[in-house]
Amino acid sequence: MSTGAGARTGLTVLDEVFTTARAEGRAALIGYLPTGYPTVAGSKGLLAQTLDAGADLLEVGLPYSDPVLDGPVIQHAVETALRGGVRTRDTLEVIESIAARGGRAVVMTYWNPVLHYGVEAFARDLAAAGGLGIITPDLVPDEAGDWLDAADRYGLGRTFLVAPSSTEQRIASTTAATSGFVYAASTMGVTGARDAVSDTAPALVARTRAHTDLPIGVGLGVRSGAQAGEVAQFADGVIVGSALVSAAEHGRAAVARLTTELAAGVRGNHTGR
Amino acid sequence: MGPLPSASDGLARHAHDPDVGGHFGRFGGRYMPEALIAAVDEVAAEYEKARQDPEFLDELDRLQRDYAGRPSPVTEARRLSEHAGGATILLKREDLNHTGSHKINNVLGQALLTVRMGKTRVIAETGAGQHGVATATAAALLGLECVVYMGEVDTERQALNVARMRLLGAEVIPVTTGSRTLKDALNEAYRDWVSSVGHTHYVLGTAAGPHPFPMMVRDFHRVIGLEARAQVLASHGRLPDAVLACVGGGSNAIGIFHPFLDDEGVRLVGCEAAGDGVDTGRHAASITGGSPGALHGALTYVLQDEDGQTVESHSISAGLDYPGVGPEHSYLAEIGRAEYVPVTDTEAMEAFRLLCRTEGIIPAIETAHAIAGALRLGRELGPDATLLVNLSGRGDKDVETAARWFEVVDPAALPTTEPVPDDAAAGEREL
């Protein structure tokens, strides 16, 4: 077991991401890109770029054939990745490459690929690769018995989602099952950059804080430094996905530019508010 | 013979309900985004109230009788029997329901529930178009806004049903993502629902998806089996030896199977679409050729590759062309209470031809899979056997596909399969 006294587990490192940001009086920047877009090697490069340009934590997307919570931008990227023949083990390899350069990463995955790999085996291999945890957009704690156990066994963070439609009771039970950080889905809708930060986000974060001391990351719709700055005022983590994927279409420089802007945003240094 | 059971009898609580989380054994449950949990909780709570509310039950029975035309008759297929080893073949005539299939049973129930919940818009996914047509029909009847998601491939092979839905006032949105078939239509419907759940109910078209849909859709269809069981007992003085139905998502099958679950001597046979053959990999037989996985809200048998990616299904029948199946079927297969057999495109089309020529009934190609299963089982069991087959839908929508298959008309006389224009273009013509 890797969770013996004093051992640094994925979860310990994940906690540090947020305590460090908190100590600096800012929110953490969390960037999402899927494995295999445009290629496996290409995604490693893009994620490294995101890291170097100031992301505190990377979310590595594991491509899935039926991404019901994703909008057109991410759908297109994962379809490209799947057509390119991306495999589950490629995501573990990408995680390993990030860890090797001192980066911190979690996996974002729909649940069936993990079920099929074997929940226990995936947790084991993810921990061995240096991954810190899993974000599970279509798994609620009600169905997560095996994962709760496996995450504990391998010291991984379990990030479940809360949504504007979640009842108080569900926020309570979901945050109780969560470790590392909570993902607050800011809008009722699929992923995709939006012009304005949802006005339901601050309320959802406030409702969530009433039930947990865990850091809260806010995602769905952030695309600019100004928006990141806005979210950073009430959240512990700013999660950016579709906007980075859109930037990835234009190459590493575009990803670096956007990440730099977002990193300034979470530090309150954004321009053009 | 006394009065037949009514649709509302199907909603009564019974020993075969899933657990509180919607699990049938290890199958079912809710593998879905948190954002939609409140919505399915609301549907579940409202359904629990409705199934015990005499006013709701009376209204459901009234619509099923006066609008949909229930009860549907049972027809003995005497000439078809000669091709089935002389076995007695009884056809439960869901094709005679309003809109031409069993689908109306479910949509009338869910549309009434939508009104009860105070919602004004319904969305639906559709494969062959039968569920879309039924939903558009119920929406027109109850004054609800209706949007139907349909894979672009299916809008081409089922163009007539696209026209029917538009005539009924529904908006049809061709889905161009993924394999552009039923599975992708489901994905789009979920995406719509996540952002519209405040005023929208998702009328899921089969006994699949997250709890409570597998249970609720099943209950709305249980009337098929309740009626048929009473009808066969009255006319033949015995229960059938086997009950057969086609299985895509499996709503018509679970509806006719369910009231026979406790009749231990009655075999329940689900006929899955084997496309070119299960061993070719080009099929839609989720139980025969798949493995357990989470898809579209439930743990169930799924066609998937070695990484758990959903594999594209293949079937001549758009309504069976789906890589998953309702979770209760997975459970019934696992405990051995029901058996699931593959039927290829060729076998189904041969059964289609036979039913047309021997009984004067043009079945839906989906339904022809069940007929094929009955022909096979009849030949195996012989003349003493009595087989009840769910004739789940009529084949008007499939005439073009069948005409091509059998080359009964000059191909040049058939419409080309051009993509159906989207609704924006259709709207300009003031449908």
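The values are calculated or read from the model by the stated rules, or taken from the named source; none is laboratory data. Since we're looking at a predicted model, the values are computed, not measured. With ideal geometry, Cβ positions are generated from the backbone for all residues, glycine too; neighbour counts draw on all protein chains shown.
Here are the numbers:
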item	result
Subset of the stretch B:29-38 (residues that are part of a helix (DSSP H, G or I) and either without any contact (Cβ under 8 Å) to a residue 40 or more places away in the chain or within 7 Å of chain A (Cβ to nearest Cβ) (or both))	B:34, B:35, B:37, B:38
Selection from the stretch B:115-168 of residues that are in contact with a strand residue (DSSP E or B) (Cβ under 6 Å, 6 or more places away or on another chain) and of a type in the set (A, V, I, L, M, F, W, C)	B:122, B:123, B:124, B:136, B:139, B:144, B:146, B:147, B:148, B:150, B:162, B:165
The stretch B:297-320 residues that are closer than 21 Å to residue B:210 by Cβ and within 9 Å of chain A (Cβ to nearest Cβ), paired with ones that are among the acidic types (Asp, Glu) and part of a loop (DSSP other than H, G, I, E, B) (beta carbon under 7 Å, 6 or more apart)	B:310/A:66
Scope the stretch B:225-251; condition β-branched (Val, Ile, Thr), surrounded by 24 or more Cβ atoms within 10 Å (Cβ to Cβ) and farther than 16 Å from residue B:366 by Cβ; matching residues	B:243
Some residue of the stretch B:361-374 being part of a helix (DSSP H, G or I), out of contact with any Phe, Trp or Tyr (no Cβ under 8 Å at 6 or more places or on another chain) and more than 22 Å from residue B:251 (Cα to Cα)	no
Meets criteria (of a type outside the set (Phe, Trp, Tyr), assigned by TED's automatic domain parsing to the domain that holds residue B:109, in contact (Cβ under 8 Å) with a residue 12 or more places away in the chain and farther than 27 Å from residue A:165 by Cα) for residue B:11	no
The lone exception for residue B:18 - which of (1) without any contact (Cβ under 8 Å) to a residue 40 or more places away in the chain; (2) within 14 Å of chain A (Cβ to nearest Cβ) it fails	(1)
One residue from A:179, A:242, A:246 being touching a residue at least 40 places away in the same chain (Cβ under 8 Å) and within 14 Å of another protein chain (Cβ to nearest Cβ)	A:242
Options A:180, A:272; residue that is outside any helix (DSSP H, G or I) and at pLDDT below 95	A:272
Tally of residues being more than 17 Å from the chain's Cα centre (by Cα) and either on the phi > 0 side of the Ramachandran plot or not polar (S, T, N, Q) (or both) across the stretch B:229-258	12
Qualifying residue in the stretch B:272-285 (condition: touching a residue at least 24 places away in the same chain (Cβ under 8 Å), within 16 Å of the chain's Cα centre (by Cα) and either surrounded by fewer than 24 Cβ atoms within 10 Å (Cβ to Cβ) or not in a loop (DSSP other than H, G, I, E, B) (or both))	yes
Residue check for residue B:5: within 25 Å of residue A:140 (Cα to Cα) and either touching an Asp or Glu at 6+ places or on another chain (Cβ under 8 Å) or not assigned by TED's automatic domain parsing to the domain that holds residue B:230 (or both)	no
Criterion: within 16 Å of residue A:30 (Cβ to Cβ) and over 18 Å from the mean Cα position of the chain (by Cα) - qualifying residue of A:168, A:249, A:230	A:230
For residue A:265: the one exception among (1) in a helix (DSSP H, G or I); (2) closer than 23 Å to residue A:44 by Cα	(2)
Residue in the stretch A:59-72 that is more than 30 Å from residue A:171 (Cβ to Cβ), away from chain B (no Cβ under 13 Å) and assigned to a loop (DSSP other than H, G, I, E, B) present	no
Answer from B:237, B:225, B:198 - the residue that is within 14 Å of chain A (Cβ to nearest Cβ) and not charged (D, E, K, R)	B:198
Residues located in the stretch B:22-34, provided they are of a type in the set (Gly, Ala, Ser) and in contact with a strand residue (DSSP E or B) (Cβ under 6 Å, 6 or more places away or on another chain)	B:22, B:28, B:29
Hey, residue B:294 assigned to a strand (DSSP E or B), touching a residue at least 60 places away in the same chain (Cβ under 8 Å), within 14 Å of another protein chain (Cβ to nearest Cβ) and among the hydrophobic types (A, V, I, L, M, F, W, C) or not	yes
Test: residue in the stretch B:331-349 that is buried (at least 24 other Cβ atoms within 10 Å of the Cβ), touching a helix residue (DSSP H, G or I) at 6+ places or on another chain (Cβ under 6 Å) and within 14 Å of another protein chain (Cβ to nearest Cβ)	no
Boolean, residue B:264 is in contact with a helix residue (DSSP H, G or I) (Cβ under 9 Å, 6 or more places away or on another chain), of a type in the set (D, E, K, R), modelled with pLDDT of 95 or more and not in a helix (DSSP H, G or I)	no
Filter result for residue B:256 (more than 14 Å from chain A (Cβ to nearest Cβ) and out of contact with any helix residue (DSSP H, G or I) (no Cβ under 7 Å at 6 or more places or on another chain))	no
Helices (runs of 4 or more DSSP H) fully within the stretch A:105-175 counting 1 or more residues that are farther than 23 Å from residue A:46 by Cα and more than 11 Å from chain B (Cβ to nearest Cβ)	A:119-129, A:145-154
Breaking point among (1) within 12 Å of another protein chain (Cβ to nearest Cβ); (2) part of a loop (DSSP other than H, G, I, E, B); (3) more than 17 Å from the chain's Cα centre (by Cα), for residue A:38	(1)
Failed item, numbered, when residue A:245 is tested on (1) of a type in the set (Val, Ile, Thr); (2) more than 20 Å from residue A:180 (Cβ to Cβ); (3) not in a helix (DSSP H, G or I)	(3)
Elements of type strands (runs of 3 or more DSSP E) contained in the stretch B:49-135, each with 1 or more residues being small (Gly, Ala, Ser) and in contact with a Gly (Cβ under 9 Å, 6 or more places away or on another chain)	B:121-126
Residue identified as over 24 Å from residue B:47 (Cβ atoms) and either within 20 Å of the chain's Cα centre (by Cα) or modelled with pLDDT of 95 or more (or both) among B:132, B:118, B:86, B:109	B:86
Residues of the stretch B:262-271 classified as of a type in the set (Gly, Ala, Ser) and either outside the structural domain of residue B:238 (by TED's automatic domain parsing) or without any contact (Cβ under 8 Å) to a residue 60 or more places away in the chain (or both), total	1
